[in-house]
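Accompanying notes for the structure given below.
Derivation of every value follows stated rules applied to the coordinates shown; laboratory data play no part. Remember, predicted model here, so these are calculated numbers, not experimental data. FYI the Cβ positions are ideal-geometry reconstructions off the backbone, even for glycines, and counts take in every protein chain you see.
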Amino acid sequence: MRKQKPLNYFLLLISFISYCLIAFRVERYETTPLLVSFVLLFLIYVWVLRSESETEISFWIIVAILFRLCFLFSTPLLSDDFYRFIWDGRLLAAGVHPFAELPRYYIESYTAIPGIDKSLFDKLNSPDYFTIYPPVNQFIFWVAARLSFGSILSSVIVIRLFILASEIGTIWLIKKILHHYQLPARNALLYALNPLVIIELTGNLHFEALLIFFLLLSYWLLITGKLISSAISFSLAICTKLVPLIFLPLMFSRLGWKKSSIYYLVVGVSTILLFLPLLNAEIISGFNESIGYYFKKFEFNASIYFLVREWGFWKYGYNIIQTVGWKLAAYCTVAILLFATIDGIKVNRLTNIEHRTSNIFTASLFVLLLYLAFATVVHPWYTTTLLALSVFTTFRFPIVWSALIFLTYVGYSPDGFSENLWVTAFEYMLVFGYLAYELIWKKEKSFA
């Protein structure tokens, strides 16, 4: 690693200070210092992407990991989801199924479970909803509860170590895949140094970090011909977040009848086995109810749905999410299957197996984009998977989105959250505008 320019160390110092401020000092409702810190980090990120040579990649990869370490001993200030992680983990440590009852039940019935108390209950952002976290997450919650001895910060640190390990694994996988396809090594920095990825995953403890790792590992194993191992890794991604299910239709055309049947079978069996420790009537009922709430009650930073909702207000005079949420999910399913069919026709024209598997990143990118476009909820961390997939293509609209989606934090105040639709409109106009530029006017072709 060659000697770095003084400017690099100055930028490193400014970034380090900004990350520490976000980790330890700035609350999510403190809009001005939060946005100033993020904009500064993003400008430095863009400057590094545009100016650094291939010989300095290793330096900035190490720096990217150090930035993540800034958060190691901090309690997330921008998200309170982790309190539910701790709640579920403490239930599991006590031998109680996390889907057995709603959190309020344990408080109102005065059930004596270590760590399940009013102080933690008051910090939950969804005390009247069943948990939504699959078995991989629940295993990590259980480990954190067992190792933390009742300390919230200790639980956070244990969970963060899992996420940090996944992030390091993802960066390693990105470098291997880029090298395999002889793509620029600097592309690894698109993900590794992205401020949204660092803040939302390692900082705010969102499990897209594990999803991305298992998904990329699955694709890497598929590329290298390890079909069974790829399917097992894919099932681990599903058991972290259910979202990877949308990518399964892409496998059929790439593997053919026989291999895709084996792949789907292994994914199915592995997923059932991973769910088995939690599998009972309670988890089925709880998951159904949680998913129902997701489509019928929750709304945040949506695109198509917000337009449909405004039409509903105009036509019916009330919020039509109860009926339109499931319809949009159905339309999304049809759109994904249609895309997979068209993509399959293109893939079937390729005789080289290497080419058949290489374009899975571009295909997955647009399948996920369809999912997010139809979703009623699009949190900032949802776009990190999109960004990870884009590393292996020439599409850069996810980078634009990773900058703009952070503006959703302007809706927070000390009293709660109120969505600013002007900010949402600005976000999606620029994101879809840049996507249109890349699809229509940009001359470079996407990889594979």
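Along its principal axes, the range 193-344 has C-alpha extents of 55, 42, 38 angstrom, given from the largest down. Summing charges over neighbours of Val143, with a neighbour being any other residue whose Cβ is under 14 Å away from its Cβ, gives +2 when K and R count +1 and D and E count -1.
When restricted to Cα atoms, the chain yields an Rg and a Dmax of 21.8, 65 Å, respectively. Across the range 302-426, the mean sequence separation of Cα contacts (distance under 8 Å, 6 or more residues apart), normalised by length, yields a relative contact order of 27 percent. In terms of other Cβ atoms within 10 Å, Cys332, Cys239, Cys20 run from fewest to most in the order Cys20, Cys332, Cys239. Put a plus charge on the Cβ of each Lys and Arg, a minus charge on the Cβ of each Asp and Glu, and nothing anywhere else: the dipole of the range 53-143 about its Cα centre is then about 200 debye. With R₀ set to 51 Å, the beta-carbon distance separating Ser261 from Ser151 gives a calculated FRET efficiency near 0.60. In this structure, Ala112 and Tyr331 have a Cβ-Cβ separation that, at R0 = 56 Å, corresponds to a calculated FRET efficiency of about 0.75.
Under 5 Å between amide hydrogens, built in the peptide plane, is the criterion, and for Phe300 it picks out Val377, Val378 among residues at least 5 positions away or on other chains.
Using 0.36 nm per residue and subtracting the Cα-Cα separation, the extra length available between Phe417 and Ser58 on full extension is 125.2 nm. For the chain, modelled as a GNM whose springs connect Cα atoms under 10 angstrom apart, the maximal fluctuation among Lys241, Lys315, Lys346 occurs at Lys315. Dividing the Cα radius of gyration of the range 174-250 by 2.2 N^0.38 Å, with N the residue count, gives 1.16. Dividing the mean sequence gap of close Cα pairs (under 8 Å, 6+ apart) by how many residues the chain holds gives a relative contact order of 16 percent. Taking the square roots of five times each eigenvalue of the Cα gyration tensor of the range 57-124, the equivalent ellipsoid has semi-axes of 35, 12, 9 Å, listed largest first.
For the chain, a Gaussian network of Cα nodes joined below 10 Å ranks Glu108, Glu200, Glu427 by mean-square fluctuation, and the top entry is Glu108.
In this simple spin-label model, placing a label point 7 Å from the Cα along the Cα-to-Cβ direction at both Tyr437 and Leu43 gives a separation of 1.9 nm. Listed by number, the DSSP H helices of the chain that run 15 Å or longer by alpha-carbon position along their axis and have mean Kyte hydropathy of at least 1.6 are 6-24, 31-51, 57-69, 208-223, 227-238, 360-374.
Whole-Hz Karplus values for the range 120-133 come out as 6, 4, 5, 8, 5, 8, 9, x, 10, 10, 5, 4, 10, 8 Hz, taken residue by residue from phi with 6.51 cos²θ - 1.76 cosθ + 1.60 and θ = phi - 60°; glycine and proline positions read x.
Listing His379, His179 from the residue with the fewest other Cβ atoms within 10 Å to the one with the most, what is the order? Mind showing how you got there, number by number?
Details: His379 18, His179 11.
By the 10 Å Cβ count, ascending: His179, His379.
Each Lys and Arg Cβ is given +1 and each Asp and Glu Cβ -1; about its Cα centre, the chain then shows a dipole of about 1440 debye.
Here's the picture: charge each Lys and Arg Cβ at +1 and each Asp and Glu Cβ at -1 in the chain, and of Ile177, Gly317, Leu35 the one pushed furthest to the positive end of that dipole is Ile177.
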